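The values are calculated or read from the model by the stated rules, or taken from the named source; none is laboratory data. No experiment lies behind these values; they were computed from the predicted model shown. Counting neighbours? That spans all protein chains shown, and the Cβs are built from the backbone with ideal geometry, glycine included. Heads up: the accessible areas ignore ligands, DNA and RNA and are worked out on the full protein's heavy atoms, side chains in. Shrake-Rupley method; radii C 1.70, N 1.55, O 1.52, S 1.80 Å.
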Amino acid sequence: MIPIAKPVLGRDEIEAAVAVLKSGNLTQGENVSRFERRFSSYIGTKHGIACSSGTSALQVGIEALGIGDGDEVVTTPFTFIATGNSILYNGATPVFADIDTRTFNIDPVKIESKINEKTKAVLVVHLYGQPCDMKGVKDLCEQHGLLLIEDCAQAHGAEYKGKRVGSFGDLSTFSFYATKNMVTGEGGMILTDNDAASEKARVIINQGQLGKYDHVMIGYNYRMMEMLGAIGLVQLKKLGRLNAKRDYNAHFLSKGLGKLDWLEIPYVAKGVRHAWHQFTIKVSAGFRNDFLNYLNSNGVGARVYYAKPIHLQPAYKSLGYGEGLCPSAESVSKQVLSLPVHPNLKKSELEKIVDVVEKYR
Ligand SMILES: Cc1ncc(COP(=O)(O)O)c(C=O)c1O
């Protein structure tokens, strides 16, 4: 089976991890600090705060911006559940705005009607590695005095008009989970230019401690392990190469599958550099699941991200969300299917993916 994801880990990562083990300094130390400095400088922000996961980065980032009880945050329903949950963890309410069916990202036009006096922020997700319409979203946020948060869990190195995503918002977050464009296993980071939010986030992830055993607030243990900081430093050096291979793979697949009239290859918006976290095609809802089963039983590890928009998950339905809220996200979730595009793919595997897909109809 050609897997949907396979991290590129080599001798460098192993040596970096072993060096930390040999040092005996297992908790947050110089490797994590260096990783924070290098990653924030790579994306283009002043501060980086490493966290235990992309989820904790989102949760803490939202709290650090002062968003909480009674506030509303407009976001996309077509994303991983952590995006919505991070708003709920803070006592705020996720308000879902529908997506653009070509890019799969939140549609700025749909955001506007969701804004009211309770709205504090817009939380965008650069889904599958494709940057959102940042001009549209940023203009809206400026007009209405809203904070802008970017969930970049799937978009390390993606660019919008020559600028890396993660550097547009008041605050952004990344995940380094094992399937992402760069990995530490579990792990995440908060990025911001805002000094106060950065200081607050650092306190929150470290048990609310300002000084040793001086707990000024109720915080968490969301620190990153030192070994993961060391792995992250190595992965960051490789990121450009890994993304270039994803780009090559995506072009190979687009070229091979572009002639088939029964599927839609991914659309790439003008002026963006797609990070190709996923290569997501659309087919008719009538045979999507059958096609998925066919691919999986013929050695192609295709997956569906996401078969249900967040607002249709049972956990959200029990909060009062439901069918009809975001029709585009609801119909797209029945049509999408992601094919392997990860940098570990061999030429023969790319050829096999095209060949197996072609033979379906
Ligand atoms: C869009 C999005 N947001 C947030 C997360 C959460 O990241 P993590 O799994 O590191 O907690 C993910 C990861 O799967 C994601 O894809």
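Across the stretch 193-239, Cα-Cα pairs more than 14 Å apart make up 60 percent of the total. The stretch between residue 255 and residue 30, if pulled fully straight at 0.36 nm per residue, gains 76.5 nm over its current Cα-Cα span.
With an 8 Å Cα cut-off and a minimum separation of 6 or more residues, compute the relative contact order for the stretch 31-171 in percent.
20 percent.
Antiparallel beta bridges, as assigned by DSSP with both residues in the chain, represent about 55 percent of the total such bridges.
The modelled label-to-label distance for the pair residue 351/residue 307, using points 7 Å beyond Cα in the direction of Cβ, is 3.4 nm.
For the stretch 211-361, the square roots a ≥ b ≥ c of the C-alpha gyration tensor eigenvalues yield an a/c of 1.5 or more together with a/b not exceeding b/c, which makes the shape oblate. Scalar couplings 3J(HN,Hα) for the stretch 247-258, obtained by applying the Karplus form with A = 6.51, B = -1.76, C = 1.60 to θ = phi - 60°, are 5, 4, 4, 5, 5, 4, 5, 4, 5, x, 9, x Hz; x denotes Gly and Pro.
Working from label points 7 Å from Cα in the Cα-to-Cβ sense, the residue 268 to residue 217 distance is 4.1 nm.
What the stretch 3-69 shows is 48 Å² of accessible area per residue, with the surface traced by a 1.4 Å probe over protein heavy atoms.
Carbon and sulfur: what percent of the stretch 257-332's accessible surface (1.4 Å probe)? Let's see the in-between values first.
On the way: 1800 of 3590 Å².
Carbon with sulfur: 50 percent of the solvent-accessible area.
Under a 5 Å amide H cut-off, with hydrogens placed 1.01 Å from N, residue 300 pairs with 2 among residues at least 5 apart or on other chains.
Given the Cα-Cα distance of residue 8 and residue 118 and 0.36 nm per residue of separation, how much length would full extension add, in nm?
Values: separation 110, 0.36 × 110 = 39.60 nm, distance 4.40 nm.
The span from residue 8 to residue 118 would gain 35.2 nm if fully extended.
Enter the Cα centre distance for the pair the stretch 5-78 and the stretch 233-274, rounded to the nearest angstrom. Here the answer is 25 Å between Cα centres.
For 254, 86, 318, the ranking by accessible surface with the largest value first comes to 318, 254, 86, using a 1.4 Å probe.
Could you state the accessible area per residue of the stretch 240-361 in Å², with a 1.4 Å probe and every protein chain left in place?
Values: 5770 Å² over 122 residues.
Solvent-accessible surface per residue comes out at 47 Å².
Could you tell me which of rounded, prolate or oblate describes the stretch 1-82, using a ≥ b ≥ c as the square roots of the eigenvalues of the alpha-carbon gyration tensor, with rounded for a/c under 1.5 and, failing that, prolate when a/b is larger than b/c and oblate otherwise? Oblate, because a/c is 1.5 or more while a/b does not exceed b/c. Computed extension gain for residue 142 through residue 361, at 0.36 nm per residue and net of the alpha carbon distance, reaches 74.0 nm. The simple spin-label model puts a point 7 Å past each Cα toward its Cβ; for residue 23 and residue 89 those points are separated by 2.7 nm. Coupling constants for the stretch 216-227 follow from the phi torsions by the Karplus curve (6.51 cos²θ - 1.76 cosθ + 1.60, θ = phi - 60°), and in residue order they are 8, 7, 7, x, 9, 9, 10, 6, 8, 6, 4, 4 Hz; glycine and proline get x. Considering the stretch 82-201 at the alpha-carbon level, its Rg and Dmax are found to be 14.0, 40 Å.
If you take every DSSP beta bridge fully contained in the stretch 137-252, what fraction is antiparallel? Give it as a percent rounded to 5. Counting only bridges with both partners in the stretch 137-252, antiparallel ones make up about 70 percent. Computed from backbone phi with θ = phi - 60° and the Karplus coefficients 6.51, -1.76 and 1.60, the 3J(HN,Hα) list for the stretch 348-353 is 5, 6, 4, 4, 5, 4 Hz; x is used for glycine and proline.
How many times 2.2 N^0.38 Å is the alpha carbon radius of gyration of the stretch 173-290? Intermediate results must be reported in sequence, preceding the final value.
Details: Rg = 20.4 Å, N = 118, 2.2 N^0.38 = 13.5 Å.
Normalised Cα radius of gyration, the stretch 173-290: 1.51.
Of the peptides 207-213, 268-274, the order by per-residue mean of other Cβ atoms within 10 Å, starting with the highest, comes out as 268-274, 207-213.
Would you work out what percent of the accessible area of the stretch 13-131, with all protein chains in place, is carbon or sulfur (probe 1.4 Å)? Walk me through the numbers before you get to the answer.
Numbers: 2260 of 4390 Å².
That share works out to 52 percent.
Given +1 at the Cβ of Lys and Arg, -1 at the Cβ of Asp and Glu and no other charges, the dipole of the chain around its Cα centre is 1240 debye to the nearest 20. Judged by the mean number of other Cβ atoms found within 10 Å, the most tightly packed of the peptides 150-161, 278-289, 94-105 leads the ranking 150-161, 94-105, 278-289.
Write down the Kirkwood hydrodynamic radius of the chain, to one decimal in angstroms, obtained as one divided by the mean of 1/r over all alpha carbon pairs. Intermediate results must be reported in sequence, preceding the final value.
Details: mean 1/r = 0.0478 Å⁻¹.
Kirkwood radius, the chain: 20.9 Å.
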